[in-house]
Amino acid sequence: MSRLPARFAKLKAENRAGLVTFVSAFDPDRATSQAILNGLPAAGADVIELGMPFTDPMADGAAIQLASLRALKAGGTLRGTLEMVAEFRKTDSETPIVLMGYYNPIHAFGPETFCAQAAEAGVDGLIVVDLPPEEAEELAGPARAAGIDFIFLTAPTTDDKRLPVALETASGFVYYVSITGVTGTASASRDAIAAAVARLRRHTALPVAVGFGIKDVKSAVEVAELADAAVVGSAIVSRIAGGLDAEGKAKAGLPAEVLKFVEELAQGVHGARRAS
């Protein structure tokens with residue numbers, strides 16, 4: 001069964017928001033990526049989103065697009081991503097891992113085969129950003145059968161008529177995309193996020209995680225004061241990019257630098273409600 005409900009129940013019991021971190025598998029290479037992935041829980045990540053490398057990540061801004069290209073250049077594949085999760089599970093049996101990406105590689109892999117192998121590797125949830133609710137059952141069904149939560153995106157443009165459609169088969173948590181645009185660009189106002197979270201909670205009892213546009217500790221704290229979790233992706237991926245040499249190779253100490261930034265985010269997010 002998915003680890004997500006247990007993790008969000010723990011966060012609720014401790015009266016704190018969670019930090020959801022995103023990194024792309026194989027960015028900038030498999031070994032460095034694995035080191036970062038393995039270190040995220042100790043750095044304070046409550047849930048990990050692991051990007052599945054893809055050639056056309058259309059919902060993502062430049063930072064994550066470039067991360068995906070680096071990952072593909074380093075040999076990143078869907079099978080390799082699952083192998084990274086399995087390696088992570090050798091030392092961590094509690095932290096939820098959610099795979100995030102696009103449907104084309106999964107469709108080519110085969111939805112049933114993919115979900116079965118993902119569950120075996122230790123995957124807890126899926127976010128497939130280009131698969132709308134009306135067409136999601138061919139993947140959501142096998143995911144449910146394998147004990148994997150299927151997480152849908154909602155956005156400022158998701159009106160009250162469409163929300164029930166998006167949430168009908170959702171599980172794990174609801175991912176609220178706080179801006180109309182791609183990752184790592186603009187940031188939504190506090191009032192807009194507060195109103196959106198309140199509206200979502202009228203429609204679902206699932207935890208609400210807010211992402212897109214969280215660029216630093218300050219903006220992560222603002223989200224953590226309002227939602228059940230703050231999702232940080234582009235800012236972390238940009239730290240990885242900043243730790244590469246002129247040839248695109250990881251400099252010495254890159255994982256430690258990235259994890260230090262995650263620690264700073266976690267301290268802010270975990271203390272947000274006590275400070276507010």
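Taken over region 189-212, residues that are surrounded by fewer than 23 Cβ atoms within 10 Å (Cβ to Cβ) and either farther than 17 Å from Leu19 by Cα or at pLDDT below 90 (or both) amount to 15. Considering Ala71, Ala35, Ala45, Ala59, the condition of being part of a loop (DSSP other than H, G, I, E, B) and modelled with pLDDT of 95 or more is satisfied by Ala45 alone.
Select from region 134-158 the residues that are in a loop (DSSP other than H, G, I, E, B) and hydroxyl-bearing (Ser, Thr, Tyr) and write down the one among them that is nearest to Ala170 (Cα to Cα). Here the answer is Thr158.
Assuming Arg16 fulfils every condition listed in (1) in contact (Cβ under 8 Å) with a residue 12 or more places away in the chain; (2) in a helix (DSSP H, G or I); (3) within 29 Å of Gly271 (Cβ to Cβ); (4) more than 18 Å from the chain's Cα centre (by Cα) apart from one, which condition is it? If we test Arg16 against (1) in contact (Cβ under 8 Å) with a residue 12 or more places away in the chain; (2) in a helix (DSSP H, G or I); (3) within 29 Å of Gly271 (Cβ to Cβ); (4) more than 18 Å from the chain's Cα centre (by Cα), just (2) comes out false.
Just a yes or no: is a residue in region 19-29 of a type in the set (Phe, Trp, Tyr) and either within 25 Å of Ser219 (Cβ to Cβ) or part of a strand (DSSP E or B) (or both)? Looking through region 19-29, at least one residue is of a type in the set (Phe, Trp, Tyr) and either within 25 Å of Ser219 (Cβ to Cβ) or part of a strand (DSSP E or B) (or both). Being in a loop (DSSP other than H, G, I, E, B), closer than 19 Å to Pro105 by Cα and either of a type in the set (Val, Ile, Thr) or under 18 Å from the mean Cα position of the chain (by Cα) (or both) is a property that Leu131 has. Test Lys161 against the stated conditions and say whether it is modelled with pLDDT under 95, closer than 22 Å to Val23 by Cβ and part of a loop (DSSP other than H, G, I, E, B). When the stated conditions are applied, Lys161 does not pass them.
Among residues of region 236-257 being hydrophobic (A, V, I, L, M, F, W, C), part of a helix (DSSP H, G or I) and touching a Ser or Thr at 6+ places or on another chain (Cβ under 9 Å), the one that is surrounded by the fewest Cβ atoms within 10 Å (Cβ to Cβ) is Leu254. Within the set Asp124, Asp46, Asp92, Asp60, the sole residue that is over 17 Å from the mean Cα position of the chain (by Cα) and in contact (Cβ under 8 Å) with a residue 24 or more places away in the chain turns out to be Asp92. Considering each of Leu99, Leu40 in turn, give the residue that is assigned to a helix (DSSP H, G or I) and either touching a strand residue (DSSP E or B) at 6+ places or on another chain (Cβ under 8 Å) or at positive phi (or both). Of the residues listed, the single one that is assigned to a helix (DSSP H, G or I) and either touching a strand residue (DSSP E or B) at 6+ places or on another chain (Cβ under 8 Å) or at positive phi (or both) is Leu40. Would you mention how many residues in region 211-222 are part of a helix (DSSP H, G or I) and under 18 Å from Glu263 (Cβ atoms)? Of the residues in that region, 5 qualify. Annotation note: Cβ proximity below 9 Å between a residue of region 196-216 that is at positive phi and of a type outside the set (Ser, Thr, Tyr) and a residue that is surrounded by 15 or more Cβ atoms within 10 Å (Cβ to Cβ) and assigned to a helix (DSSP H, G or I) (sequence gap 6+ or interchain) occurs for Phe212/Ser234; Gly213/Ser219; Gly213/Ser234.
The values are calculated or read from the model by the stated rules, or taken from the named source; none is laboratory data. Note that this is a predicted model, so its numbers are computed, not measured. Note that each Cβ is placed from the backbone with ideal geometry, even for glycine, and that neighbours are counted across all protein chains shown.
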